[in-house]
Amino acid sequence: MIGWLLRRLAQIIPTLLILSVMIFGLQQLMPGDPALILAGEERGDPVVLAQIRAELLLDRPIAEQYFVWVSKVVQGDFGFSWRIRMPVSQLILEKLPVTFQLATMAFVIAIVIGVPLGILSAVRRDTPTDWLANAVALAGISTPNFWLGIMMILFFSVNLGWLPPSGYVPLTEDWRASLATTIMPAFVLGSGIAGVLMRHTRAAMMTAMAQDYVRTARAKGMAEGVVVLKHAFRNALIPVVTLGAIEFGRLLAGAVLTEQIFTIPGFGKLIVDAVFNRDYPVVQGVVLATALIFVVLSLVADLLYMAINPRLRQA
Amino acid sequence: MTPALAVTGLTVSFATDRGVFRAVDGLSFSVAPGETLAIVGESGCGKSVSSLAIMGLLEGNARVGGDLRLAGQDLLAMTPEARRKLRGADMAMIFQEPMTSLNPAFCAGNQIAEVLALHRGLSRHAAYEEAIRALDQVRIPDARRRAAQYPHQLSGGMRQRVMIAMALACRPKLLIADEPTTALDVTVQAQILELLDELKRETGTAIVLITHDLGVVADHAEQVVVMYAGRAVETAPGEAIFTHPEHPYTIGLLGAAPRLDGPRGRLASIEGTVPDPMHRPPGCGFAPRCPFAVAECTVTDPALTMLAPGHAAACLLAPLEAA
Ligand SMILES: Nc1ncnc2c1ncn2[C@@H]1O[C@H](COP(=O)(O)OP(=O)(O)OP(=O)(O)O)[C@@H](O)[C@H]1O
Ligand code: SF4
Ligand SMILES: [Mg+2]
């Protein structure tokens with residue numbers, strides 16, 4: 001078990017290395033010269049441009065730039081934002097809680113809607129309940145987030161005046177206001193995932209319900225609720241957890257469009273601004289941090305499998 | 001004495017896309033406490049469907065008719081909830097597939113403890129301790145350690161013992177064992193059947209043993225029901241089925257020369273196919289395959305007729321000696 005964990009942690013290093021090369025390489029393909037953008041008004045002055053390039057190492061070979069960056073990152077130094085003049089790590093730490101809050105809320109909404117609906121439609125398969133649940137899931141999956149976001153703002157903020165249309169209040173400042181600012185974007189993000197989760201839960205539950213051990217549970221006199229929620233669902237959880245981990249990772253990577261619509265200052269907004277400003281250190285830092293989150297989440301998912309599936313526990 | 005289980009005129013029909021078809025048609029038998037009744041017959045003749053009907057475990061597309069009594073209680077008249085409470089407590093079932101019948105997500109001990117907690121109201125801890133005793137009772141060595149293991153850590157024979165422990169944990173009046181040894185290798189088969197016999201003596205549970213193996217019938221059953229295409233074609237005391245089989249189908253199953261002391265006979269295969277249950281021809285259902293068939297057989301449907309005490313057959317020519 002410990003050995004497995006160490007091996008798993010060791011795998012993270014090459015993963016991140018490959019990613020860092022990709023991040024750096026792809027970035028070179030972005031059009032536009034960062035020096036020109038940073039020079040602003042003085043973009044006509046070759047001396048200023050040369051100075052900026054020298055300062056940011058943009059005049060060095062790409063390989064050198066890469067190694068300078070990686071060796072700093074290894075020491076925990078993500079560099080300075082070229083634009084905002086703030087350490088990238090500070091920017092990340094500032095935005096991460098915002099995105100984390102939004103992602104968690106969206107994820108909870110997705111689970112609360114998707115999983116019970118999936119179970120219900122599997123248990124009542126081929127009945128009107130099942131058809132309705134499937135229709136709801138399809139609606140969740142196929143509704144574009146930006147459209148749903150705008151409609152929600154129009155309805156709840158403009159028409160009813162119940163919720164603020166945009167902005168963000170940190171949880172630590174005023175939790176009610178914080179929830180009010182995040183509930184709509186969280187619902188927008190969660191509804192799509194709820195649909196996907198519902199489909200997967202339904203499929204996994206149908207498989208589980210057809211197994212012999214479900215018949216055994218019934219032969220033991222278990223109430224139908226126990227048969228479904230304990231005996232079948234416990235086994236159906238495995239594929240659902242896989243999907244959940246992936247979706248949560250995607251949420252943490254930032255919901256660019258949704259954050260933009262609701263002007264939530266999270267990861268999504270940070271990276272969009274950074275890309276437009278050719279603020280390379282921020283782009284690199286955020287992408288790497290996102291990758292790290294993904295890797296950690298997949299580790300958590302694997303640990304969860306082991307908790308759920310005793311067959312995996314012995315290794 | 002009230003039989004542990006009395007089945008009278010059991011019918012099971014399924015609504016399918018092709019129409020309604022009758023998988024079990026008028027099956028009757030009864031088992032006394034502490035006795036074993038074997039049900040034999042080819043694949044698809046309705047053995048599992050009959051057992052599931054008794055347990056109340058058939059899917060929604062099944063319609064069950066007739067009369068089912070468990071120690072005198074009318075199973076078909078009670079509410080589904082009342083019937084559920086009997087399952088695992090007064091009647092239990094073990095299945096053909098020990099490899100998949102246990103839940104892979106829970107350890108053996110907890111799966112047994114669950115029944116005890118449900119039906120005997122034991123606390124988690126007490127139920128688990130009782131589960132260990134149940135494992136001990138089915139002769140699992142080192143029961144405490146085994147209780148903590150998960151199904152994938154147990155062999156097929158061991159899993160079937162766990163299933164038996166689970167089924168008998170609440171001392172049911174009736175145990176239905178649906179081909180409990182088919183998936184196991186020969187030595188383990190013998191051990192499991194031996195175990196069932198011992199437990200039957202210890203607990204007085206009545207056993208309905210479904211099997212393909214006529215040797216099993218000879219050694220372990222007091223009574224036999226031979227099923228063909230959803231019907232009982234012959235019912236007899238365990239020994240009589242070997243010494244005087246009366247139905248041509250039974251004779252076919254036994255092969256040319258049934259010998260109690262001879263090698264254990266699996267069901268001999270019989271030429272021809274079972275009639276389509278959707279379009280059952282008039283007359284005897286076995287007629288197309290019956291070597292003894294006469295013209296009358298395609299016209300008159302023979303009823304199960306008593307030939308000797310405890311011995312009945314559904315054949316126009318029975319008793320055969322007289323024909
Ligand atoms: N839910 C169902 N819907 C429709 N038909 C069914 C259903 N369950 C069983 N049957 C049919 O009922 C018939 C009897 O099946 P059953 O499982 O009782 O056979 P069996 O005697 O147990 O055979 P085996 O020895 O192979 O286990 C078969 O033709 C089967 O296809
Ligand atoms: S009734 Fe006729 S066909 Fe049917 S088993 Fe007897 S002899 Fe054979
Ligand atoms: Mg069967």
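The values are calculated or read from the model by the stated rules, or taken from the named source; none is laboratory data. What you see is a predicted model, and the numbers here were worked out from it, not measured in a lab. Positions of Cβ are generated from backbone atoms using ideal geometry, with glycine treated the same way; all protein chains shown enter the neighbour counts. Side chains included, ligands, DNA and RNA excluded: accessible areas come from the protein's heavy atoms. Shrake-Rupley method; radii C 1.70, N 1.55, O 1.52, S 1.80 Å.
The rows are residues; the columns are (1) in contact (Cβ under 8 Å) with a residue 40 or more places away in the chain; (2) in contact with a His (Cβ under 7 Å, 6 or more places away or on another chain); (3) open to solvent by 20 Å² or more (accessible area, probe 1.4 Å); (4) not assigned by TED's automatic domain parsing to the domain that holds A:Leu58.
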| residue | (1), (2), (3), (4) |
| --- | --- |
| A:Arg215 | no, no, yes, yes |
| A:Pro239 | no, yes, yes, yes |
| A:Val256 | no, no, yes, yes |
| A:Gly268 | yes, no, no, yes |
| A:Ser298 | yes, no, yes, yes |
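Take region B:183-232 and flag every residue that is under 22 Å from B:Ser155 (Cβ atoms) and either within 14 Å of chain A (Cβ to nearest Cβ) or within 16 Å of ligand 2 (Cβ to nearest atom) (or both).
Hit for region B:183-232 is B:Ala183, nothing else.
Might you check whether a residue that is of a type in the set (Val, Ile, Thr) and either open to solvent by less than 20 Å² (accessible area, probe 1.4 Å) or away from ligand 3 (no atom under 16 Å from the Cβ) (or both) occurs anywhere in region B:95-110? Break it down stepwise before answering.
Step one: filter region B:95-110 for residues of a type in the set (Val, Ile, Thr), giving B:100.
Checking the rest, the ones that are also either open to solvent by less than 20 Å² (accessible area, probe 1.4 Å) or away from ligand 3 (no atom under 16 Å from the Cβ) (or both) come to none.
Among the residues of region B:95-110, not one is of a type in the set (Val, Ile, Thr) and either open to solvent by less than 20 Å² (accessible area, probe 1.4 Å) or away from ligand 3 (no atom under 16 Å from the Cβ) (or both), which makes the answer no.
Can you tell me which of B:Glu81, B:Glu129 is within 10 Å of chain A (Cβ to nearest Cβ) and free of Cβ contacts under 8 Å to residues at least 24 places away in the same chain? Break it down into steps so the answer makes sense when it comes.
Details: B:Glu129 fails: within 10 Å of chain A (Cβ to nearest Cβ).
Result of the check over B:Glu81, B:Glu129: B:Glu81.
So B:Ala89 ticks every box in (1) surrounded by fewer than 21 Cβ atoms within 10 Å (Cβ to Cβ); (2) more than 9 Å from chain A (Cβ to nearest Cβ); (3) within 23 Å of B:Met1 (Cα to Cα) but one. Which box is left unticked?
If we test B:Ala89 against (1) surrounded by fewer than 21 Cβ atoms within 10 Å (Cβ to Cβ); (2) more than 9 Å from chain A (Cβ to nearest Cβ); (3) within 23 Å of B:Met1 (Cα to Cα), just (2) comes out false.
When the residues of region B:42-61 are narrowed to those that are more than 6 Å from ligand 1 (Cβ to nearest atom) and away from every other protein chain (no Cβ under 14 Å), which ends up modelled with the lowest pLDDT? Spell out the reasoning first.
Initially, region B:42-61 is screened for residues more than 6 Å from ligand 1 (Cβ to nearest atom), giving B:42, B:50-58, B:60.
If we keep only those that are away from every other protein chain (no Cβ under 14 Å) too, we end up with B:42, B:50.
Numbers: B:Glu42: 87, B:Ser50: 97.
Residue satisfying both the conditions and the ranking: B:Glu42.
From the set of residues in region B:34-58 that are charged (D, E, K, R) and away from ligand 2 (no atom under 16 Å from the Cβ), which is surrounded by the fewest Cβ atoms within 10 Å (Cβ to Cβ)?
Our first condition is that a residue be charged (D, E, K, R); within region B:34-58, this holds for B:35, B:42, B:47.
With away from ligand 2 (no atom under 16 Å from the Cβ) added as a condition, the list becomes B:35, B:47.
Details: B:Glu35: 19, B:Lys47: 24.
It comes out as B:Glu35.
I'd like the full set of residues that are touching a helix residue (DSSP H, G or I) at 6+ places or on another chain (Cβ under 9 Å) and either in contact (Cβ under 8 Å) with a residue 40 or more places away in the chain or loosely packed, with under 12 Cβ neighbours inside 10 Å (or both), limited to region A:9-25.
A:Leu9, A:Ile12, A:Thr15, A:Leu16, A:Leu17, A:Leu19, A:Ser20, A:Val21, A:Ile23, A:Phe24, A:Gly25
How do the helices (runs of 4 or more DSSP H) wholly within region B:22-128 filter down when requiring 3 or more residues that are within 24 Å of B:His152 (Cβ to Cβ): which remain? I'd like the intermediate steps shown before the answer.
On the way: elements: B:47-55, B:80-86, B:98-101, B:108-120.
Once the helices (runs of 4 or more DSSP H) in region B:22-128 are filtered for at least 3 residues that are within 24 Å of B:His152 (Cβ to Cβ), what remains is B:98-101, B:108-120.
Go through region A:38-72 and give me each residue that's outside any helix (DSSP H, G or I) and either among the aromatic types (Phe, Trp, Tyr) or surrounded by 15 or more Cβ atoms within 10 Å (Cβ to Cβ) (or both).
Quick first cut of region A:38-72, residues outside any helix (DSSP H, G or I) only: A:45, A:56-61.
Those that are outside any helix (DSSP H, G or I) and either among the aromatic types (Phe, Trp, Tyr) or surrounded by 15 or more Cβ atoms within 10 Å (Cβ to Cβ) (or both): A:Leu56, A:Leu58.
Say whether the condition of being open to solvent by less than 10 Å² (accessible area, probe 1.4 Å), closer than 20 Å to A:Arg215 by Cβ and at pLDDT 90 or above is met by at least one residue in region B:198-208. Walk me through it before giving the result.
Here is the first cut: in region B:198-208, the residues open to solvent by less than 10 Å² (accessible area, probe 1.4 Å) are B:199, B:205-208.
Now narrow it down to the ones that are closer than 20 Å to A:Arg215 by Cβ: B:207-208.
Next cut, at pLDDT 90 or above only: B:207-208.
Yes, there is a match, as at least one residue in region B:198-208 is open to solvent by less than 10 Å² (accessible area, probe 1.4 Å), closer than 20 Å to A:Arg215 by Cβ and at pLDDT 90 or above.
I'd like the full set of residues that are within 8 Å of another protein chain (Cβ to nearest Cβ) and within 18 Å of B:Met93 (Cβ to Cβ), limited to region A:225-243. Step through it out loud before you land on a result.
Applying the first criterion (within 8 Å of another protein chain (Cβ to nearest Cβ)) to region A:225-243 yields A:231, A:234-235.
Matches in region A:225-243: A:His231 only.
Quick check: is even one residue across region B:204-216 away from ligand 3 (no atom under 16 Å from the Cβ), in the same structural domain as B:Ala134 (by TED's automatic domain parsing), under 18 Å from B:Leu5 (Cα atoms) and of a type outside the set (A, V, I, L, M, F, W, C)?
yes
Is it the case that region B:3-10 has a residue that's within 14 Å of chain A (Cβ to nearest Cβ) and either out of contact with any Lys or Arg (no Cβ under 7 Å at 6 or more places or on another chain) or away from ligand 2 (no atom under 16 Å from the Cβ) (or both)?
Checking region B:3-10: not a single residue is within 14 Å of chain A (Cβ to nearest Cβ) and either out of contact with any Lys or Arg (no Cβ under 7 Å at 6 or more places or on another chain) or away from ligand 2 (no atom under 16 Å from the Cβ) (or both).
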